[in-house]
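**Q** Pasting a structure here, questions to come.
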Amino acid sequence: MIDPSDRAEVVMTVTRAIKGRWVAQSRARGQKLTDWLMERIEPATDQDAATDSYESPTPEEIRAAREAVEWSQAKAAGAVLVDLRTWQRWEYGERKMPPGLWKLFRLESGLRSA
């Protein structure tokens, strides 16, 4: 769950139809869209579940992973549905990146396959 004090404006990079379905499903459960999405980030495989760390990555790990896939901070932020400033706070160590969003970044960037 994302800390309410660190809540960021969501940047959607999906089609309107998909976003509309997600919003409807989250509202039906009485949840904010970001919370509903976080619940859906499941271990990709049983093997991943056994080896996954549910701790926040370090700022160095975040930056190194982004640079490894040659993405800008803006592109990385969009991949995990947060604004640029939130991503920068994670890379600069001002805030901790939620483990679920770290997992989503690794899946979206191809650093770990689904």
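**Q** I want to confirm something. Restricting to region 86-110 and keeping residues that are in a helix (DSSP H, G or I) and among the basic types (Lys, Arg), which single residue is nearest to Thr58 (Cα to Cα)?
**A** So the first thing to find is which residues in region 86-110 are in a helix (DSSP H, G or I), and the list is 86-91, 99-109.
This time we only want the ones that are among the basic types (Lys, Arg), so: 89, 103, 106.
Numbers: Arg89: 12, Lys103: 13, Arg106: 14 Å.
Of everything passing the filter in region 86-110, Arg89 is nearest to Thr58 (Cα to Cα).
**Q** Separate question: Please determine, by comparing only the residues of region 13-41 that are at pLDDT below 70 and part of a loop (DSSP other than H, G, I, E, B), which one is farthest from the chain's Cα centre (by Cα).
**A** That would be Thr15.
The values are calculated or read from the model by the stated rules, or taken from the named source; none is laboratory data. Values in this document were obtained by computation on a predicted structure and should not be read as measured data.
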